[in-house]
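Each value in this text was obtained by applying a stated rule to the coordinates, not by laboratory testing. Please read these numbers as outputs of a predicted model, since none were measured by experiment. Heads up, the Cβs are rebuilt from the backbone with ideal geometry, glycines too, and the neighbour counts pull from every protein chain shown.
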């Protein structure tokens, strides 16, 4: 009976994650195109991305307080409702100030899945359902299904081009895609509704705040924040904007490109779980991340589109291998009572840090320094990797030789 209970919630969670990331996959690409079509500048696009990420950070803080005391299923359903409202509101608004409000309060995700109010809640469900032995592989599967769905969403971003060829105005076709985003939120809520509620617990069972692992968690949070700040310079919406402006890519070409980057990222997750069993979680995180950052830095100077695409595909195949390993490492090096607090303490600073950089990247784009966001991202990420290796190479999780 225990095995059946464990499989079913994860199946519904994976389905919901797939739907959510499918929607994020095409919205992240269409968002800059939509904003530019409304007449806004690259700087304003960056500010919208920053507002979205700051809003996600604030909601993540609220979720951190609520998650330990309330039913995870209810919170996930509320988040799905917010996703539906966002998809309905965006195509109805053309005023920039109101769009900023929707971006801040809604679930528009310029980073296509990596920063979202859903993530800490879903992580809590994974940690609740997975055994210690299966934890890293379960996080890898969780990341895999999301990345595959995000890749499909990237391909779906080409649909407005198809609709335009059939005679529909491009702006109208993009607005229809936001309605699809709302429908995806409704389907996701149906999946979240099938996750069992949290059992009723006594006050003494409520997860404690950080205790013996406080220093470890705070240090990890600081390093993860540096990584997230760096990644904010090249969130998917801004990378799409860079490709649109530098190589004049069409939506169809961008959709195909992001489909393949998503596919490569997806299949890197089980590889990361396999590799971590042989070289360790920290080594897997660092020694896959550094080459990906080097590829990104080289892409900033690549003179042709084919070479740029090759370098960005190399980056996609390596850059996300730290996602399941990072989640597993945090859950492994803290006590069980501290896991909820550790998830919140490491997620919130990441969200805040990621929110600060898109506006800076937008300003650099507007000033025609288009290569700088990629270079800054690559340099800061390599710095993060070296600091992580230096600080945590000797702190191995239980069971890791």
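Residues of the range 226-260 with amide nitrogen under 17 Å from the 7 Å Cα-to-Cβ point of residue 176? Backbone N within reach: 251-252. Annotation: average projected area of the range 246-308 is 4.9 square nanometres, based on the convex hull of Cα atoms across all directions.
Taken over the alpha carbons of the range 144-198 as equal point scatterers, the Debye sum produces base-10 log I(q)/I(0) values at 0.28 Å⁻¹ of -1.08.
Under the rule of -39500 (n - 2.57) per DSSP H run of 4 or more residues, summed and divided by the residues of the chain, what mean residue ellipticity at 222 nm is obtained, to the nearest 500 deg cm²/dmol? Theoretical 222 nm ellipticity from helices: -26500 deg cm²/dmol.
Would you please classify the overall shape of the range 195-330 from the alpha carbon gyration tensor, given that a ≥ b ≥ c denote the square roots of the eigenvalues, rounded means a/c under 1.5, and beyond that prolate means a/b larger than b/c while oblate covers the rest? Prolate. The range 88-138: percent of C-alpha pairs farther apart than 14 Å? Distances greater than 14 Å cover 64 percent of the Cα pairs. Helix 251-279 axis versus longest C-alpha principal axis of the chain: approximately 20°, rounded to the nearest ten. Relative to the longest principal axis of the Cα atoms of the chain, the long axis of helix 339-366 makes an angle of roughly 20 degrees. Would you work out if the range 340-401 is rounded, prolate or oblate? Take a ≥ b ≥ c from the square roots of the eigenvalues of the alpha-carbon gyration tensor; rounded if a/c is under 1.5, else prolate when a/b is larger than b/c, oblate otherwise. Oblate, because a/c is 1.5 or more while a/b does not exceed b/c. Ordering 400, 336, 122 by the number of other Cβ atoms within 10 Å of each residue's own Cβ, fewest first, gives 336, 400, 122. A simple spin-label model places pseudo-atoms 7 Å from Cα toward Cβ; at residue 248 and residue 85 they are separated by 4.3 nm. Using the Cβ-Cβ distance between residue 400 and residue 222 with R0 set to 35 Å, the FRET efficiency works out to roughly 0.95. Decide, for the range 74-177, between rounded, prolate and oblate: order the square roots of the alpha carbon gyration tensor eigenvalues as a ≥ b ≥ c, take rounded if a/c falls under 1.5, and otherwise choose prolate if a/b is larger than b/c, else oblate. Oblate. Calculated FRET efficiency, residue 11 and residue 277, Cβ-Cβ r, R0 25 Å, to nearest 0.05? Efficiency, rounded to the nearest 0.05: 0.55. For the chain, the longest principal axis of the alpha carbon atoms and the long axis of helix 372-392 meet at an angle near 10°.
Cβ-Cβ distance of residue 37 and residue 133, R₀ of 41 Å, FRET efficiency by 1/(1 + (r/R0)^6): the value works out to about 0.25.
Fewest-first ordering of 360, 241, 386 by other beta carbons within 10 Å of each residue's beta carbon gives 386, 360, 241.
Ranking of 227, 95, 134 by neighbouring Cβ atoms within 10 Å, starting from the fewest: 95, 134, 227. Pairwise inverse Cα distances across the chain, averaged and inverted, put the Kirkwood hydrodynamic radius at 21.0 Å. Both radii were evaluated on the Cα set of the range 287-360; the Rg over Rh quotient, with Rh as the Kirkwood radius, amounts to 1.12.
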